[in-house]
1. Please find, among GLU200, GLU225, GLU182, the residue that is away from ligand 2 (no atom under 14 Å from the Cβ), more than 14 Å from the chain's Cα centre (by Cα) and under 23 Å from PRO146 (Cβ atoms).
2. Could you say whether any residue in region 80-101 is small (Gly, Ala, Ser), within 13 Å of ligand 1 (Cβ to nearest atom) and out of contact with any Phe, Trp or Tyr (no Cβ under 8 Å at 6 or more places or on another chain)?
3. Identify the single condition in (1) within 15 Å of ligand 2 (Cβ to nearest atom); (2) under 18 Å from the mean Cα position of the chain (by Cα); (3) crowded, with 18+ Cβ neighbours inside 10 Å that ASP174 does not satisfy, given that it satisfies every other one.
4. In region 173-187, how many are within 15 Å of ligand 1 (Cβ to nearest atom) and either touching a helix residue (DSSP H, G or I) at 6+ places or on another chain (Cβ under 8 Å) or modelled with pLDDT under 95 (or both)?
5. Can you name every one of the helices (runs of 4 or more DSSP H) wholly within region 1-96 that holds 3 or more residues which are of a type in the set (Lys, Arg) and farther than 20 Å from GLY255 by Cα?
6. Can you tell me which residue is farthest from ligand 1 (Cβ to nearest atom) among those in region 34-60 that are farther than 22 Å from GLU81 by Cβ and touching a Leu at 6+ places or on another chain (Cβ under 7 Å)?
7. State all residues of region 199-230 that are assigned to a loop (DSSP other than H, G, I, E, B), within 16 Å of ligand 1 (Cβ to nearest atom) and among the charged types (D, E, K, R); if no residue qualifies, say none.
8. Is there any pair linking a residue in region 164-180 that is farther than 14 Å from MET252 by Cα to one that is assigned to a helix (DSSP H, G or I) and within 16 Å of ligand 1 (Cβ to nearest atom), with Cβ under 6 Å and at least six apart or on different chains, and which?
Amino acid sequence: MELIKKIEELKKEKNAIILAHYYQNSEIQEIADHVGDSYYLSKIGQESDAEVIVYCGVRFMAESAKILSPEKTVLFPVYTEAPCCMEFMVNENELEEFKRQNPTAKVVCYINSSTSVKALSDVCCTSSSAENILKNIDADKIIFIPDRNLASYVAEKVPEKEIIPWAGCCNIHDKVKMEDIENYLDTDITIVAHPECTKEIRDASHYVGSTSGILSYIKNSPEKEFLVLTEKGIHHQLKKDNPDKTFHFLHMICGSMKKTFLETVAESLETFKGEVTLDEDLRKKAYIALENMHKLG
Ligand code: 13P
Ligand code: SF4
């Protein structure tokens, strides 16, 4: 309780807000000013008039907040410990070569990538905005990096566009196999999956969507029991929204999402540990891709 009080006082003193992703530890989701999916958080950080943002998520999310709000102090106290694995799945040289091989294609880059890869892309997307972006982008041929599963998911939703995928994936979602879910098939349990899961898992699911999509689907569903194929942290919000429903999970835990605790937030607010700084040229280029995401998404 004392730590929570301290965080509240520091927030007032520094004019700060706390943003947290649905995969964060429960104690962090409870003290956050806003909890959301990566699209929502990228907008809310930019729209807020707070001077300081404490970001509780993974590195690309905090960097995206800084790209969009250079005038704000963005604190990401676990900077070196909490990358998303997809930040390493494509680098600038590989992307430049891929662009040379496909000169007429535009590049749509999943927001779960590094700032330097964003800077070489035309538009960013999140899982909740990818379909709209593919529909609205002014190009027929699209290089989609780095998640092959999200790429195949949007290719099915927007068949009129030619999508050239990269071979990356989220190690946590991609590892789910049919044998992990076979006990749930042909039962009364409703299966929901994040689009970072493979095609065979998505095809076996009753609903596929982003973290916020999964939350609203389950809230509005008359069904009572669900297998949730995404990171376990979402259980916190699911239970709050649906105290009478039952949830099953596989062992899907994103280590990087679990690095932030109340102590981490308090220390960062007090000392400004983990302030995000970016090269200004790179930031400006990456800004265009993120702004295009908000325009087209
Ligand atoms: P959302 O955009 O659905 O929140 O997903 C982010 C993410 O990292 C999924 O693994
Ligand atoms: Fe990245 Fe996967 Fe963790 Fe999401 S769950 S942040 S995609 S490593």
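1. Only one candidate passes the filter, namely GLU200.
2. no
3. Going through (1) within 15 Å of ligand 2 (Cβ to nearest atom); (2) under 18 Å from the mean Cα position of the chain (by Cα); (3) crowded, with 18+ Cβ neighbours inside 10 Å one by one, ASP174 breaks only (3).
4. 3
5. 2-14
6. GLN46
7. Residues satisfying the conditions do not exist here.
8. From region 164-180, the pairs are PRO165/ARG148; PRO165/ALA151; ALA167/ARG148; GLY168/MET86; CYS169/ARG148; CYS169/ASN149.
The values are calculated or read from the model by the stated rules, or taken from the named source; none is laboratory data. Not measured: the values here are computed from a predicted model. Methodologically, a virtual Cβ is constructed for each residue, glycine included, from the backbone with ideal geometry; neighbour enumeration extends over all protein chains shown.
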